[in-house]
1. Output the residues belonging to the range 165-182 that are within 21 Å of the chain's Cα centre (by Cα) and surrounded by fewer than 18 Cβ atoms within 10 Å (Cβ to Cβ).
2. From the set of residues in the range 31-68 that are free of Cβ contacts under 8 Å to residues at least 24 places away in the same chain and part of a loop (DSSP other than H, G, I, E, B), which is surrounded by the most Cβ atoms within 10 Å (Cβ to Cβ)?
3. Which one is surrounded by the fewest Cβ atoms within 10 Å (Cβ to Cβ) among residues in the range 303-333 that are assigned to a helix (DSSP H, G or I) and of a type in the set (A, V, I, L, M)?
4. Which is basic (Lys, Arg) and touching a residue at least 60 places away in the same chain (Cβ under 8 Å), of 28, 71?
5. Considering only residues of the range 214-229 that are touching a helix residue (DSSP H, G or I) at 6+ places or on another chain (Cβ under 7 Å) and more than 19 Å from residue 306 (Cα to Cα), which is surrounded by the most Cβ atoms within 10 Å (Cβ to Cβ)?
6. Whether any residue in the range 77-88 is within 19 Å of residue 14 (Cα to Cα), assigned to a helix (DSSP H, G or I) and in the same structural domain as residue 119 (by TED's automatic domain parsing) is what I want to check.
7. Confirm whether residue 42 is at pLDDT 90 or above, among the charged types (D, E, K, R) and assigned by TED's automatic domain parsing to the domain that holds residue 87.
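The values are calculated or read from the model by the stated rules, or taken from the named source; none is laboratory data. These figures come from a predicted structure and were not determined experimentally. Glycine gets a Cβ as well: all are built from the backbone with ideal geometry, and neighbour counts include every protein chain shown.
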Amino acid sequence: MFRRPNFQQLVKRLNEPKLFIQVINGPRQVGKTTLIQQVLNDIKIPSMYITADGIVNSNSNWIETQWNIARLKLKNSELNEIILVIDEIQKVDNWSEIVKANWDADKINSIEIKLVLLGSSRLLLQKGLTESLAGRFESIYMGHWSFSEMQEAFGFSEEQFVWFGGYPGAAELIVDENRWKDYILNSLIETTVSKDILLIERINKPALLRNLFELGCSFSGQILSYTKILGQLHDAGNTTTLSHYLKLLDSAGLLSGLEKFSHGKIMKRTSSPRFQVYNSALFSALSENSFSESVLNTEIWGRHVESAVGVHLLNSSKSNSFKLMYWRQGNYEVDFVLEYKHRIIGLEVKSGSSKVTKGMVEFDKLFRPHKTYLISQNGLSWQEFLKINPVELF
């Protein structure tokens, strides 16, 4: 049975005597529920799994009711602890304050309930954690599947990962690309937008958010100013609205807008975003081309390879806590800039050429980075790079 790296981490934490709330967050369809089911089957502590999916969000009493059932089960058992798992916790209004009240009450009364919270909205989870549950929780981030995981679990080749991405539930559908695209568009993208964003966050322009997402996916790996984005969308929005919607898409693990690297923080916040999807499937599913057509087109395939490198870096940055940016000044550009423990790395992707670019030379002269890398077929190939933990670059 394939198990993601987070498996052993969670098993270890739940077997420890000291109690912390375990929070598992990450995008939809990356295996959070499967992970907790594997863990519960592996350890000997009795457990209770519930999900808030389908619960009316105003029904805040639901959590307390389920918690009381867990207390009753623990009281009637011969053991002194129980694991309570609440999935999709962010869908219940005022969830963090209810969890805090019950958690603190159990601590006072020496009731050993080990709590695991699962959620697919990083933004909404973090708000509740920092405001109500400070000092009471540990967080585990589960990102999209890497190439190494898709290869081990499903036998994906590097080219298949570049195009079909890292959704485990869609892996068996790639033999029928039309069916695969339909699954990605309707079962993954639409569900995430409609359930994780539109039903939880007040969105004044839902059509604008969807159009921004589609535009960002189509331009994954490219830099667009907010003015150009507004022009492409033909909507009477503003840059503040677009920035907010992009943040929501980022929190849902769909689309990020990488900031421009600069020693000035103000420049970072006001820079044109470099669109980057979290999963290559999001880029390919919206393409009019097929896998077989794209792999033979040097220009199209080069864009997908560069985006896949960005996917690998973006997901790793969330798990390993390094900053991922880009750099551009005039005609000079570096695809990715990584910042980790005060060290800076410049990284350029060239699926064909193996020459050091003028942008890399200028970047090195201006910032004296710790290291620079050129990903090309005659050096560190993109196929090799997808197997590397980016933190090793430092």
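1. Selection gives 169 alone.
2. Applying the first criterion (free of Cβ contacts under 8 Å to residues at least 24 places away in the same chain) to the range 31-68 yields 34, 37, 41, 44, 54, 56, 61, 65-66, 68.
Imposing the further condition that a residue be part of a loop (DSSP other than H, G, I, E, B) reduces the set to 44, 54, 56.
Numbers: 44: 7, 54: 7, 56: 11.
By that ranking, first place goes to 56.
3. Step one: filter the range 303-333 for residues assigned to a helix (DSSP H, G or I), giving 303-320.
Add one more test, that the residue is of a type in the set (A, V, I, L, M), and what stays is 305, 308-309, 311, 313-314.
Values: 305: 26, 308: 30, 309: 23, 311: 29, 313: 21, 314: 24.
The extreme case among them is 313.
4. Details: 71 fails: touching a residue at least 60 places away in the same chain (Cβ under 8 Å).
28 is the lone residue from the list that is basic (Lys, Arg) and touching a residue at least 60 places away in the same chain (Cβ under 8 Å).
5. My answer is 229.
6. Taking the range 77-88 and keeping what is within 19 Å of residue 14 (Cα to Cα), we get 77-87.
Then drop every residue that is not assigned to a helix (DSSP H, G or I), which leaves none.
No, the conditions are met nowhere in the range 77-88.
7. Working: at pLDDT 90 or above: yes; among the charged types (D, E, K, R): yes; assigned by TED's automatic domain parsing to the domain that holds residue 87: yes.
When the stated conditions are applied, residue 42 passes them.
Quick grid of which residues meet (1) closer than 21 Å to residue 394 by Cβ; (2) touching a Gly at 6+ places or on another chain (Cβ under 7 Å); (3) outside the structural domain of residue 180 (by TED's automatic domain parsing); (4) not hydrophobic (A, V, I, L, M, F, W, C):
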| residue | (1), (2), (3), (4) |
| --- | --- |
| 310 | yes, yes, no, yes |
| 319 | yes, yes, no, yes |
| 328 | no, no, no, yes |
| 335 | yes, no, no, yes |
